[in-house]
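Below is one structure, written out as structure tokens; the observations come after it.
The values are calculated or read from the model by the stated rules, or taken from the named source; none is laboratory data. Remember, it's a predicted structure, so these values are computed and weren't measured experimentally. Reconstructed Cβ throughout: ideal geometry from the backbone, glycine too, with neighbour counts over all protein chains shown. For the accessible areas, the whole protein counts, side chains as well, though only heavy atoms, and no ligand, DNA or RNA atoms are used. Shrake-Rupley method; radii C 1.70, N 1.55, O 1.52, S 1.80 Å.
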Amino acid sequence: GQNIDQPTEMTATEGAIVQINCTYQTSGFNGLFWYQQHAGEAPTFLSYNVLDGLEEKGRFSSFLSRSKGYSYLLLKELQMKDSASYLCAVRDGDYKLSFGAGTTVTVRA
Amino acid sequence: GAVVSQHPSWVICKSGTSVKIECRSLDFQATTMFWYRQFPKQSLMLMATSNEGSKATYEQGVEKDKFLINHASLTLSTLTVTSAHPEDSSFYICSASHNRGLGSNEQFFGPGTRLTVL
């Protein structure tokens, strides 16, 4: 099985930056995904890393270090609408995703 | 982009009844569909993987006789919760892929179905 850890909750103010860390232990690795999920809704794709380094997409960036089993999602210029749960998911083997429990981010004015 | 729909979006049923949930890929052919379950404040847990035209592969601990999965066409998979009990109340989410889920962002998620068993 997979072991994926991320913090349960984080709070930040509007306009600030928040970094959500994710550590994982897997028997195989074929990519790491970050999803955003609002309450009662399905996850929506944010980013994908398969090689080490930083991937930047607008206000969101994701970093991966395969040797350390570590990733982070960086949210810049936080907006109220960014309040949601952020899920780290690792693809193990050839196609299955294993999800972390999610980090609930609360953005305050 | 690829769109996946689920029907119904929510359902309330009595204990002992069966409930069918549909997952459709609207603008692409899904060779593989995945069914997840999410309890409140918990992570998505993969229940099973279904490939069109073949039997579903269930994850450990998921009863295949209770959660019947059919993937009869490239655009439709169904999950039937048989003899539902209150502990089956959960958020059921499907995702679809047009290959075996390789590459980036190859799983497209449906909006989920909220099942409440009384």
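Residues to consider are A:Ser62, A:Ser98; find the one that is under 29 Å from B:Cys94 (Cβ atoms) and modelled with pLDDT of 95 or more.
Of the residues listed, the single one that is under 29 Å from B:Cys94 (Cβ atoms) and modelled with pLDDT of 95 or more is A:Ser62.
Can you name the residue in the stretch B:32-73 that is open to solvent by less than 50 Å² (accessible area, probe 1.4 Å) and among the hydroxyl-bearing types (Ser, Thr, Tyr) and is also nearest to the other protein chains (Cβ to nearest Cβ) among such residues?
Per the criteria, the residue is B:Ser43.
So which residues in the stretch A:99-109 are surrounded by fewer than 20 Cβ atoms within 10 Å (Cβ to Cβ) and either in contact with a strand residue (DSSP E or B) (Cβ under 7 Å, 6 or more places away or on another chain) or within 9 Å of chain B (Cβ to nearest Cβ) (or both)? Before the answer, list the steps.
We begin by selecting, within the stretch A:99-109, every residue surrounded by fewer than 20 Cβ atoms within 10 Å (Cβ to Cβ); these are A:101, A:104, A:106, A:108-109.
Within the stretch A:99-109, A:Ala101, A:Thr104, A:Thr106, A:Arg108 meet the criteria.
How many residues are open to solvent by less than 60 Å² (accessible area, probe 1.4 Å), out of contact with any Cys (no Cβ under 8 Å at 6 or more places or on another chain) and closer than 14 Å to B:Thr75 by Cα if we restrict to the stretch B:14-31?
5
The rows are residues; the columns are (1) open to solvent by 50 Å² or more (accessible area, probe 1.4 Å); (2) within 14 Å of chain B (Cβ to nearest Cβ).
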| position | (1), (2) |
| --- | --- |
| A:Gln2 | yes, yes |
| A:Ala12 | no, no |
| A:Ala16 | no, no |
| A:Ala39 | yes, yes |
| A:Thr44 | yes, yes |
| A:Leu64 | no, yes |
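Check B:Phe91 against each of (1) modelled with pLDDT of 85 or more; (2) farther than 22 Å from A:Leu32 by Cα; (3) more than 8 Å from every other protein chain (Cβ to nearest Cβ) and name the one condition it does not meet.
All conditions are met except number (3).
Give the stretch A:46-62 a look and list any residue that's hydrophobic (A, V, I, L, M, F, W, C) and either open to solvent by less than 50 Å² (accessible area, probe 1.4 Å) or within 14 Å of chain B (Cβ to nearest Cβ) (or both), or say none. Break it down stepwise before answering.
Taking the stretch A:46-62 and keeping what is hydrophobic (A, V, I, L, M, F, W, C), we get A:46, A:50-51, A:54, A:60.
Hits for the stretch A:46-62 are A:Leu46, A:Val50, A:Leu51, A:Phe60.
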